[in-house]
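First comes the structure, then the notes that go with it.
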Amino acid sequence: MKKILPFLALACFTFSCTTQRVNYAFKKGGLKNQASGILIQELLTKKVVYQHQADQYFMPASNAKLVTFLEANRILKDSIPAYRYYETPDTLFFWGTGDPSLLHPQMKGDVLLKKLLSSSKVLVLADSDENVRPLGDGWAWDDYTDDYSAEISLLPVYNNQVLISIKDRKTTVEPVYFEPSTQVWNKSFAQRDRNTNRFQIPSVANYAKVALPFITSSQQSAELLSALIKKTIHTIPKSFDAQSKLVYAGKIDSLFRPMLHDSDNQIAEQLLYLIAANRNWVGPTAQIINKLHKEDTLLASLKWVDGSGLSRYNLMRPKDLVATLFQLKNEISEDRLFRLLPESGKTGTIRKMKPLNPSSSFWAKSGSFGNTYNLSGYYKNAQGKMYVFSIMGNLGNRPASAIKQDVMAILNALR
């Protein structure tokens, strides 16, 4: 026993020093002067290294995507529900599942297209717009023209955005369906009308590619697909038949990676509808989240409003996000988990954030508004010790970049 005591004392001293370093970094920075919460725990022992208002609620911003990730991974396993269909002797009825990969500029999903092209029957898109709300509760109204605010729909097409660019005075519009709705105006930027799918572009020689969300509906999705496959697609709202078949195509990680690395809001929102399709539920988003609340006790303490975190109505605590991270670590292999999450100094939204010690690394999800910056994830120090952390800085009367510096100082204290 006497031989063990010195080692116990050394361990306690080391633990205490880490806590003191974190506390010093917190008090030296600006997080103490704004709404902020911190929880840092050792991964193996779950021992709390540091906490500050860890049980208080804050706006998670895109940290909410960690909750979406957990639920989607549990329910969807490894494949994407691409579409649902039912055939009669003369008609092919089909329903969208919310799959965002269909004709996505990067993912280029085409499994539904192949089905429609191969059919000689009357094609009917049977989705009801009553089962989706295009914009989330608590989203900023003036974000409608920004690429991070693409609308939610049952049958997303082209990422629900129009890509416009100008080179040598030649304008390119993708999809070309929207070319007739694109006009030149006397401003220096591109924009969409608030209430119509009419787009304005500047009269310049060159203009970098910009993504503008378009207004969605089942009719709009049907028209876009009809224009592409050169077949008429009718729209008749109809509850999906009990004998309808759900078709899976594509790997779910192809959605998780851009959601987590690039903080893709549209994919995050659509994942909730993929969950609904898998469960034979219908939306809108609030109804899907309510059903998930009833299934998972981990969600009981959250005010969870949307899949992406765009809503300022979302409220989560550092301890909720840390609990989510522990669950993810338990349910997903470390190799896959750390591939899907951004890595410090290398990938995604934290590729420019590097620990002072080059032997340290962290894998985390960031989340920010104009006055808010949050970071939650896993930190491995130079000695190989792993920590689970959530650092939330809300409502600071200073740039998010300044809050990010304070978050980085706290992580560097873990060495």
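The values are calculated or read from the model by the stated rules, or taken from the named source; none is laboratory data. Computed from a prediction, not measured in an experiment: that's the story for all the values here. Because the Cβ atoms are built from the backbone with ideal geometry, glycine has one as well, and the counts that use them run over all protein chains shown. For the accessible areas, the whole protein counts, side chains as well, though only heavy atoms, and no ligand, DNA or RNA atoms are used. Shrake-Rupley method; radii C 1.70, N 1.55, O 1.52, S 1.80 Å.
Below, the figures for the structure above:
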| item | result |
| --- | --- |
| Verdict on Asp296 being out of contact with any Pro (no Cβ under 6 Å at 6 or more places or on another chain), open to solvent by less than 40 Å² (accessible area, probe 1.4 Å) and of a type in the set (D, E, K, R) | yes |
| Residue count, the stretch 74-88 (criterion: under 14 Å from Ile267 (Cα atoms) and either over 18 Å from the mean Cα position of the chain (by Cα) or open to solvent by 20 Å² or more (accessible area, probe 1.4 Å) (or both)) | 1 |
| Residues of the stretch 231-247 classified as touching a helix residue (DSSP H, G or I) at 6+ places or on another chain (Cβ under 9 Å) and either open to solvent by less than 60 Å² (accessible area, probe 1.4 Å) or under 18 Å from Ser120 (Cβ atoms) (or both), total | 7 |
| Any pair with Cβ under 6 angstrom, 6 or more apart, that starts in the stretch 132-146 at a residue that is in contact (Cβ under 8 Å) with a residue 60 or more places away in the chain and ends at one that is open to solvent by 40 Å² or more (accessible area, probe 1.4 Å) and assigned to a loop (DSSP other than H, G, I, E, B) | Asp137/Tyr313; Gly138/Arg312; Gly138/Tyr313 |
| Residue selected from the stretch 324-360 under the condition surrounded by fewer than 20 Cβ atoms within 10 Å (Cβ to Cβ) and of a type in the set (Gly, Ala, Ser), by the criterion farthest from Pro60 (Cα to Cα) | Ser359 |
| Verdict on Lys319 being of a type outside the set (Phe, Trp, Tyr) and farther than 27 Å from Ile38 by Cα | no |
| Qualifying position, being of a type in the set (A, V, I, L, M) and farther than 20 Å from Ala54 by Cα, among Ala402, Ala409, Ala413 | Ala402 |
| Lone qualifier among Leu310, Leu375, Leu321 - being closer than 15 Å to Met59 by Cβ and part of a strand (DSSP E or B) | Leu375 |
| Checklist (1) in contact with a strand residue (DSSP E or B) (Cβ under 9 Å, 6 or more places away or on another chain); (2) open to solvent by 20 Å² or more (accessible area, probe 1.4 Å) applied to Pro156, failing item | (2) |
| Qualifying residues in the stretch 130-150 (those that are charged (D, E, K, R) and assigned to a loop (DSSP other than H, G, I, E, B)) - the one surrounded by the most Cβ atoms within 10 Å (Cβ to Cβ) | Arg133 |
| Selection status of Ala205, open to solvent by 20 Å² or more (accessible area, probe 1.4 Å) and not in a strand (DSSP E or B) | yes |
| Scope the stretch 373-414; condition hydroxyl-bearing (Ser, Thr, Tyr) and either within 22 Å of Ser16 (Cα to Cα) or at pLDDT below 95 (or both); matching residues | Tyr378, Tyr379, Tyr387, Ser390, Ser401 |
| Test result for Leu310, closer than 30 Å to Leu135 by Cβ, open to solvent by 20 Å² or more (accessible area, probe 1.4 Å) and under 16 Å from the mean Cα position of the chain (by Cα) | yes |
| Strands (runs of 3 or more DSSP E) lying entirely in the stretch 16-101 (those with 2 or more residues that are at pLDDT 95 or above and polar (S, T, N, Q)) | 35-42 |
| Qualifying residue in the stretch 221-229 (condition: under 21 Å from Val132 (Cβ atoms), in contact with a Phe, Trp or Tyr (Cβ under 7 Å, 6 or more places away or on another chain) and among the hydrophobic types (A, V, I, L, M, F, W, C)) | yes |
| Where Val48 falls short, out of the listed (1) open to solvent by 10 Å² or more (accessible area, probe 1.4 Å); (2) in contact (Cβ under 8 Å) with a residue 24 or more places away in the chain | (2) |
| The stretch 151-177, residues that are of a type in the set (S, T, N, Q) and either part of a strand (DSSP E or B) or without any contact (Cβ under 8 Å) to a residue 40 or more places away in the chain (or both) | Gln161, Ser165, Thr171, Thr172 |
| Which numbered condition Val210 fails, given (1) more than 17 Å from Ala150 (Cβ to Cβ); (2) touching a Leu at 6+ places or on another chain (Cβ under 8 Å) | (1) |
| Qualifying residue in the stretch 219-230 (condition: within 18 Å of the chain's Cα centre (by Cα) and among the aliphatic types (A, V, I, L, M)) | no |
